[in-house]
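The values are calculated or read from the model by the stated rules, or taken from the named source; none is laboratory data. Just so we're clear, the structure is a prediction, and the values are computed from it rather than from any experiment. Ideal geometry is used to build each Cβ from the backbone, glycine not excepted, and the neighbour counts take in all protein chains shown. Please note that ligands, DNA and RNA were not included when accessible areas were found on the heavy atoms of the full protein model with its side chains. Shrake-Rupley method; radii C 1.70, N 1.55, O 1.52, S 1.80 Å.
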Amino acid sequence: MELQGRVIAETPERSGTSARGEWKAKDYVIETHESFPKKMVFSVFGDDRLKRFNVQVGQEVLVSFDIDAHEYNGRWFNSIRAYDVRQVDPAQYGAGQPAPAAPAFGPAPAAPIDAVGQAPFPPQPEAAGESADDLPF
């Protein structure tokens, strides 16, 4: 799976020793650029990947990741591990620039134009002495 967004936070690096040897991991949080932005925390596991990806807060990235879950003391926890993180040029995708907001209220849309180039119902001129409001009440 893939998700693109801006890195907004990182956690301190964790390390330890297992039966296979020493390990390092670090978590990052990205935020998408949708109208309702979503946040996702992902882990980068392994010193070699941490150095190769070199993820920094503020970068625009495309994260390729796997999702897995594990059980601990009767509770289940999700794990999102990145296997590839690529920097993305924010100007290429228009990231960092919010989408223009549509006005809640505004002028009515223009009349549709037919194949001849004229509106199907052109505006009618008002007759002298006649009210524009022709409602019976």
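Does segment 82-100 contain any residue that is touching a helix residue (DSSP H, G or I) at 6+ places or on another chain (Cβ under 6 Å), surrounded by fewer than 12 Cβ atoms within 10 Å (Cβ to Cβ) and modelled with pLDDT under 95? Before the answer, list the steps.
Filtering segment 82-100 for residues touching a helix residue (DSSP H, G or I) at 6+ places or on another chain (Cβ under 6 Å) gives 85, 96.
Imposing the further condition that a residue be surrounded by fewer than 12 Cβ atoms within 10 Å (Cβ to Cβ) reduces the set to 96.
Restricting the remaining residues to those that are modelled with pLDDT under 95 gives 96.
Yes, segment 82-100 contains at least one residue that is touching a helix residue (DSSP H, G or I) at 6+ places or on another chain (Cβ under 6 Å), surrounded by fewer than 12 Cβ atoms within 10 Å (Cβ to Cβ) and modelled with pLDDT under 95.
Within segment 1-31, how many residues are modelled with pLDDT of 95 or more, under 18 Å from F65 (Cβ atoms) and part of a loop (DSSP other than H, G, I, E, B)?
1
How many of the residues making up segment 1-33 are open to solvent by 30 Å² or more (accessible area, probe 1.4 Å) and among the aromatic types (F, W, Y)?
The qualifying residues number 1.
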